[in-house]
């Protein structure tokens with residue numbers, strides 16, 4: 001009731017309020033599973049962060065699914081013209097996103113949900129992002145957007161791979177390998193872009209310029225770029241990949257608190273605020289799901 005009163009007092013539009021409300025339910029469900037299900041107690045070190053990967057992915061995907069019902073005409077306008085029944089796909093994908101969010105949060109049919117999400121975002125890349133990029137390949141924002149959607153696909157496929165019997169037995173899977181390479185390329189490109197354009201927001205180098213109200217606003221972008229440069233190379237060459245992906249996710253989570261949560265608060269009456277907040281959190285989740293699919297480091301045996 002207190003949360004609802006805050007929304008009403010700030011005149012939050014219904015489309016924004018509903019996105020936050022649905023995502024809040026996913027937060028509660030997912031955190032309950034993690035803490036009451038014993039996952040937090042069993043994890044050690046950075047593994048405590050890695051277990052949050054599916055939830056960090058699930059919360060935004062449920063919010064974005066809600067947007068399909070709140071602003072259906074805007075979403076339908078993004079569907080390529082050669083695909084029929086634009087409004088049907090808008091509502092259908094929205095419902096699937098919400099269902100997938102709860103599936104990842106509860107770990108019920110999580111492998112199926114992750115596989116379908118990975119395939120869905122790959123379709124988005126091939127039907128919308130790549131054609132958009134080809135129209136203007138010199139547009140760095142189009143490239144960043146295409147790689148972001150590809151990362152969303154790769155992270156979900158990595159999670160699906162990590163839930164297979166083959167991965168549990170050998171800690172290797174072709175989908176996890178594909179996800180590692182695509183994520184590494186994305187991270188390195190983002191690192192390059194952040195070094196060149198430190199005035200823009202960190203982690204996902206899109207159009208938004210970091211507000212001057214953020215303390216040391218350019219420093220956060222440079223620091224994130226430096227971390228990305230190191231971890232991206234580690235992922236590309238296959239060295240300590242689980243650690244590299246986890247550290248990348250940690251750096252994204254830090255700027256989420258320092259940069260994106262304040263922006264979301266200042267822009268709490270608009271969908272732009274929630275989109276930037278949850279886009280970055282979802283990217284963090286995708287990277288952490290990649291970390292979960294990477295081999296664990298085994299301690300060498302000590303012989304007497």
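Each reported figure results from applying straightforward, stated rules to the coordinates on display, with no laboratory input. Owing to the predicted nature of the structure, the values given are computational and were not obtained by experimental measurement.
Annotations for the structure displayed:
- Cα-based shape type of the range 2-293, given that a ≥ b ≥ c are square roots of the gyration tensor eigenvalues and the cut on a/c is 1.5: rounded
- Rounded to the nearest 10 degrees, the angle from helix 140-162 to the longest Cα principal axis of the chain is 50 degrees.
- Nearest 10 degrees, 0 to 90: helix 14-36 Cα axis against the chain principal axis: 20 degrees
- Take every pair of alpha-carbon atoms less than 8 Å apart whose residues are at least six positions apart; their mean separation over the length of the range 1-146 yields a relative contact order of 22 percent.
- Gaussian network model of the chain, springs between alpha carbon atoms under 10 Å - residue of 32, 77, 191 with greatest fluctuation: 77
- Selected from 239, 42, 107 as most flexible by GNM, with the chain as the system and alpha-carbon contacts under 10 Å: 42
- Normalised contact order of the chain, rounded percent, pairs of Cα under 8 Å and 6 or more residues apart: 21 percent
- Dividing the summed helix terms, -39500 (n - 2.57) for each DSSP H run of n ≥ 4, by the number of residues in the chain produces a 222 nm estimate of -23500 deg cm²/dmol to the nearest 500.
- Each residue of the range 114-266 gets 118 Å³ once the volume of the Cα convex hull is shared out per residue.
- Relative contact order, whole percent, for the range 171-304 stands at 27, derived from Cα pairs under 8 Å and 6 or more residues apart.
- Whole-angstrom gap from the range 50-74 to the range 270-289, using each part's C-alpha centre: 9 Å
- Candidates 63, 161, 21: whichever shows maximal mean-square fluctuation once the chain is modelled as a Gaussian network with Cα springs under 10 Å: 21
- Between 0 and 90 degrees, the angle of helix 110-124 with respect to the longest Cα principal axis of the chain falls at about 60 degrees.
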